[in-house]
């Protein structure tokens, strides 16, 4: 294995670990809001549940993309990384929507 390949492999692993850490942090925040949702009125709770279902789906997709990153090489790795970054951003935006429900 060349130094370039090793460095590239290390960079890939570092990116994935950083992204997984962001996901864990976001999931902790989501869990906190989910607990708050139980103490809200029916309308707010229903809307929150809809957003939470979306969050669960995005998280599942992101976990699949993380697994795919472990197996992917070259240009395909960059494509999967881009998709994972996009999904992580969408997850963050959905969390922000959920958070807004509890700030009003």
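Residue count for the stretch 14-28 under the criterion of being farther than 18 Å from residue 64 by Cβ and at pLDDT below 90: the result is 0.
Just to check your reading of the model, which residue among 20, 24 is in a helix (DSSP H, G or I), within 15 Å of residue 84 (Cβ to Cβ) and in contact (Cβ under 8 Å) with a residue 12 or more places away in the chain?
Testing whether each residue is in a helix (DSSP H, G or I), within 15 Å of residue 84 (Cβ to Cβ) and in contact (Cβ under 8 Å) with a residue 12 or more places away in the chain leaves just 20.
The condition (being under 23 Å from residue 103 (Cα atoms), surrounded by 14 or more Cβ atoms within 10 Å (Cβ to Cβ), within 14 Å of the chain's Cα centre (by Cα) and modelled with pLDDT of 85 or more) is satisfied by just one residue among 62, 55: 55. Taking first residues from the stretch 72-89 that are assigned to a helix (DSSP H, G or I) and partners that are surrounded by fewer than 14 Cβ atoms within 10 Å (Cβ to Cβ) and at pLDDT below 95, no Cβ contact under 6 Å between residues at least 6 apart in sequence or on separate chains turns up. Does residue 34 satisfy the criteria of being in contact (Cβ under 8 Å) with a residue 24 or more places away in the chain and within 19 Å of the chain's Cα centre (by Cα)? No, not satisfied.
The values are calculated or read from the model by the stated rules, or taken from the named source; none is laboratory data. Predicted, not measured: the structure shown is a model, and the values here were computed from it. All Cβ positions, even for glycine, are placed from backbone atoms using ideal geometry, and neighbour counts span all protein chains on display.
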